[in-house]
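Accompanying notes for the structure given below.
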Amino acid sequence: MRFSLFVHMERYDDSISHEENWANLVELAQIAEKGGFGTVWIGEHHAMEYTVSPNPLPQLAYLAAKTSKIRLGCGTIIAPFWSPIRAAGELALLDVISGGRAEVGVARGAYQFEFDRMSDGMAAADGGAHLRELVPAMKALWAGDYAHDGDVWKFPTSTSVPKPVQRDLPVWVAARSPESHDFAVANGCNVMVTPLMKGDEEVQSLVEKYETAIADHPEIAQRPEIMVLRHTYVHAEDEPEGWRAAAEGVQKFYRTFDAWFGNKQDPVDGFMEPSPIEKFAGREEFSPESLHKSAMIGTPAEVVERLRRYEELGVTEFSFWNDNTLSHAEKKRSLELFIEQVMPHFAQVEALQK
């Protein structure tokens, strides 16, 4: 099983500058590379300070110059906000800049807040049509001349300029439903999943959907990968209450997510107050005690035990989701503990073939 780092700049107030926040992200990416992580992932979000990432590509291009081995993943680009020609060309350029280390995840999008500002109010739930057109069109443009006549985009013969360094630049699809798993596998893509606040039974369910899709497509020559993305925090063995600050931090993250996802208030200069704790009364999955069990929070031994189960299920990549509202010092310490005391228990497979 491989390990990767999923990370954004996070701001919940103006006590930390964007410059310092970026320097912190770079440091975490370099620690991850030195520690043996296979990939660093950065996603796309707009006009929200709690995930500062209007475009992952320039961030990853910068990291390409500050690293030498770690792969550089857009996790994910939001399909309705890109044209196939732009996506293919810019991702290929990242691959050239990084010497063949680029990967891309594609999602349909989730926040209506973003669609109201980026896609003229299109319903976020309708983003799947864009994803289903973008992925095959992007791959065709990497292969050579291609004209597209779809329901979403239409363009005459064009191609990706430049072309990727990699023969098959890895494409991942964010999947939850059986249909999205099937689309990913049928189109030769890897699968990225997140169980969010659900327990490990959700991980098993998502893996089963992935396995069903593979069984339904025997024509696919190369078995796709599956990545599980999960909020992760490792604390020392001698800190019996070390989990609590992390669980409360993840709770604040989800309360903030809820406020943005609800789209019922306007932000102030990019900030939005987290939904009040009282809103989640009676919803056990939001409690720190429940998040301690569902998120990957625990001592090294506890984390190793759970990751062993993921490995047995067939998960090929576990992504250490570092967005948790905690300080940079706390994030750094957790990442270093993971590298020093968790990763040595796992034999990592080689990075995806070029």
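Taking 8 Å as the Cα distance limit and 6 or more residues as the minimum spacing, I'd like the relative contact order of segment 235-354 as a percentage. Numbers along the way, then the final one.
Numbers: 83 pairs, mean separation 41.2, N = 120.
The value is 34 percent.
According to the Cα-based calculation, Rg over Rh for the chain is 0.94, with Rh computed by the Kirkwood formula. Here the Karplus curve 6.51 cos²θ - 1.76 cosθ + 1.60, taken at θ = phi - 60°, turns the phi angles of segment 18-30 into couplings of 4, 5, 5, 4, 5, 4, 5, 4, 4, 4, 5, 5, 6 Hz, with x standing for Gly and Pro. If only the Cβ of Lys and Arg carry +1 and only the Cβ of Asp and Glu carry -1, the dipole of segment 225-354 around its Cα centre is close to 260 debye.
In this structure, the pairs whose alpha-carbon distance is over 18 Å, taken from Lys34/Lys331; Lys34/Lys69; Lys198/Lys332, are Lys198/Lys332.
Taking other Cβ atoms within 10 Å as a rough exposure proxy, Asp95, Asp266 sort from fewest to most as Asp266, Asp95.
Given charges of +1 on the Cβ of Lys and Arg and -1 on the Cβ of Asp and Glu, with all other atoms neutral, how large is the dipole of segment 83-223 about its Cα centre, in debye to the nearest 20? It would help to have the intermediate numbers written out before the result.
On the way: 13 positive and 21 negative charges, 95 e Å.
Its charge dipole is roughly 460 debye.
To the nearest 20 debye, what charge dipole does the chain have about its Cα centre, counting +1 at the Cβ of each Lys and Arg and -1 at the Cβ of each Asp and Glu? Mind dumping the intermediate values first?
On the way: 34 positive and 54 negative charges, 184 e Å.
Around 880 debye, computed over the chain.
Of all beta bridges DSSP finds with both residues in the chain, what is the antiparallel percent, to the nearest 5? If you can, show how the numbers build up before the last one.
On the way: 6 of 40 bridges.
Given both bridge residues lie in the chain, the antiparallel proportion sits at roughly 15 percent.
In the chain, taking the dipole from charged Cβ atoms about the Cα centre, the farthest positive-side position among Ser290, Val250, Val342 is held by Val342. How many percent of Cα pairs in segment 51-139 exceed 22 Å? The calculated P(r) of segment 51-139 puts 29 percent of pairs beyond 22 Å. For the residues Thr256, Thr157, Thr316, a GNM of the chain with alpha-carbon springs under 10 Å puts the largest fluctuation on Thr157.
Listed values for segment 245-259 are Karplus-derived 3J(HN,Hα) couplings in whole Hz (6.51 cos²θ - 1.76 cosθ + 1.60, θ = phi - 60°), namely 4, 5, 5, 5, x, 5, 4, 5, 4, 5, 5, 5, 3, 4, 5, and x replaces Gly and Pro. Panel order for Arg86, Arg255, by other beta carbons found within 10 Å of each beta carbon, from fewest to most: Arg86, Arg255.
Here the Karplus relation 6.51 cos²θ - 1.76 cosθ + 1.60, evaluated at θ = phi - 60°, turns the backbone of segment 88-98 into coupling constants of 4, x, 5, 5, 5, 5, 4, 5, 5, 4, 8 Hz, with x for every Gly and Pro. Under a Gaussian network description of the chain, with springs only between Cα atoms under 10 Å, the residue in Ser334, Ser53, Ser275 that fluctuates furthest is Ser275.
Per the Kirkwood treatment, what hydrodynamic radius in Å, one decimal, follows for segment 5-106 from the mean inverse distance over all distinct Cα pairs? Could you put the intermediate results ahead of the total?
Values: mean 1/r = 0.0724 Å⁻¹.
For segment 5-106, inverting the mean 1/r across all distinct Cα pairs yields 13.8 Å.
Residues considered: Gln265, Gln30, Gln166. Largest GNM mean-square fluctuation over the chain, using C-alpha springs under 10 Å, is found at Gln265. A simple spin-label model places pseudo-atoms 7 Å from Cα toward Cβ; at Gln348 and Glu20 they are separated by 3.0 nm.
Any read-out appearing in this document is the output of simple, stated calculations on the displayed coordinates, not a laboratory observation. Not measured: the values here are computed from a predicted model. FYI the Cβ positions are ideal-geometry reconstructions off the backbone, even for glycines, and counts take in every protein chain you see.
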